[in-house]
Amino acid sequence: MHITLRQLEIFRAVGQYGRVTGAAESLHISQPAASMALSELEKHLGPLFDRSQGAGLKLNDAGRALMPKACELIDRAIEVETQFAVKGAYDSGSLVINASSTIGNSLLPKMLAQFHQCHPGIRIDLEIDNTRNIVQRLLDFKIDLALVEGVCLHPDIKVTTWLEDELVVICAPDHPLANKKEVPLSALTDESWILREQGSGTRELFDEMIATQLESPRVAMVLNRSEAVKQAVSDGVGIACISRLAAKSSLHSGHMAIIGVTGLELKRHFYLLMHKSKYTSTIINRLCQFIIGW
């Protein structure tokens with residue numbers, strides 16, 4: 001049996017893109033070359049994808065079992081190549097991370113700038129999305145690690161508790177309840193709410209802690225970014241529940257105000273997520289240690 005790293009690279013790309021065409025483009029090779037390599041790999045190992053007309057290629061049980069092993073071999077080969085190319089250094093390489101909105105917009109720009117100062121040879125690509133979508137990318141081995149505020153209970157994901165956060169109810173500065181303290185939650189029954197989308201950690205906490213206590217919250221808007229929620233609140237569209245961290249600059253500038261709701265404890269944690277089968281390279285370890293110690 002002769003399995004090559006190139007075949008495994010193409011297998012991984014096809015698994016991530018769901019089509020040979022997308023995989024070939026990502027690897028800058030021709031589609032026939034990618035198809036031939038995948039065919040050769042499947043001759044050795046058996047079918048790795050379910051194929052259906054018009055639906056692309058989807059990993060079967062064998063393909064899902066191979067994916068973490070293929071990713072580890074490729075990542076280890078890249079690490080060896082990089083180490084010897086730069087005379088034994090482990091400060092060169094690239095990582096792909098995802099973060100949910102609050103973390104990605106309010107924390108990571110400053111954090112990653114500091115990390116880059118210490119490790120200028122390590123490139124980090126960041127994409128912001130909600131927790132649900134990010135977890136799926138981890139399961140598909142499309143990203144190296146993630147930082148989210150939503151709870152993840154998937155058995156294949158390793159979860160490390162990171163920072164504590166608090167959500168606050170915010171409103172426009174001229175709202176009648178702006179900066180009021182000891183406001184009963186029942187006083188918000190007739191308010192219009194601006195919510196994050198389903199799948200976000202912020203929305204999960206709202207649904208659990210606030211929506212269950214209000215008979216039927218009036219929803220004015222559903223937005224998929226904290227910045228958009230803050231802008232709508234500032235414009236007087238309604239009130240919202242977002243991270244104190246995300247609201248900090250707008251509160252200081254006077255563009256928003258807090259409604260102090262009595263007895264409402266909206267504490268939560270931020271989490272660092274990795275696939276349990278993901279090979280933890282030296283540069284992944286360095287970034288994880290930096291994040292946890294930050």
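The values are calculated or read from the model by the stated rules, or taken from the named source; none is laboratory data. Just so it is clear, the model here is predicted, and its values are computed rather than measured. With ideal geometry, Cβ positions are generated from the backbone for all residues, glycine too; neighbour counts draw on all protein chains shown. Protein only, heavy atoms only, side chains kept; ligands, DNA and RNA dropped before computing areas. Shrake-Rupley method; radii C 1.70, N 1.55, O 1.52, S 1.80 Å.
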Hey, Asp165 within 19 Å of Leu251 (Cα to Cα), crowded, with 20+ Cβ neighbours inside 10 Å and acidic (Asp, Glu) or not:
yes
If you check Ala257, Ala220, Ala228, Ala246, which single one turns out to be in contact with a Gly (Cβ under 7 Å, 6 or more places away or on another chain), open to solvent by less than 60 Å² (accessible area, probe 1.4 Å) and either among the β-branched types (Val, Ile, Thr) or farther than 30 Å from Ala70 by Cα (or both)?
Ala220
Which of the residues spanning the stretch 67-83 are among the aliphatic types (A, V, I, L, M) and open to solvent by 30 Å² or more (accessible area, probe 1.4 Å)?
Leu73, Ala77, Ile78, Val80
Name the residues in the stretch 212-232 that are polar (S, T, N, Q) and touching an Asp or Glu at 6+ places or on another chain (Cβ under 7 Å), would you?
Asn224
Which condition does Ile134 not pass, out of (1) surrounded by fewer than 15 Cβ atoms within 10 Å (Cβ to Cβ); (2) in contact with a Ser or Thr (Cβ under 9 Å, 6 or more places away or on another chain), if it passes all the others?
(1)
So which strands (runs of 3 or more DSSP E) stay within the stretch 174-258 end to end and still have 3 or more residues that are in contact (Cβ under 8 Å) with a residue 40 or more places away in the chain and on the phi < 0 side of the Ramachandran plot?
192-196, 239-243
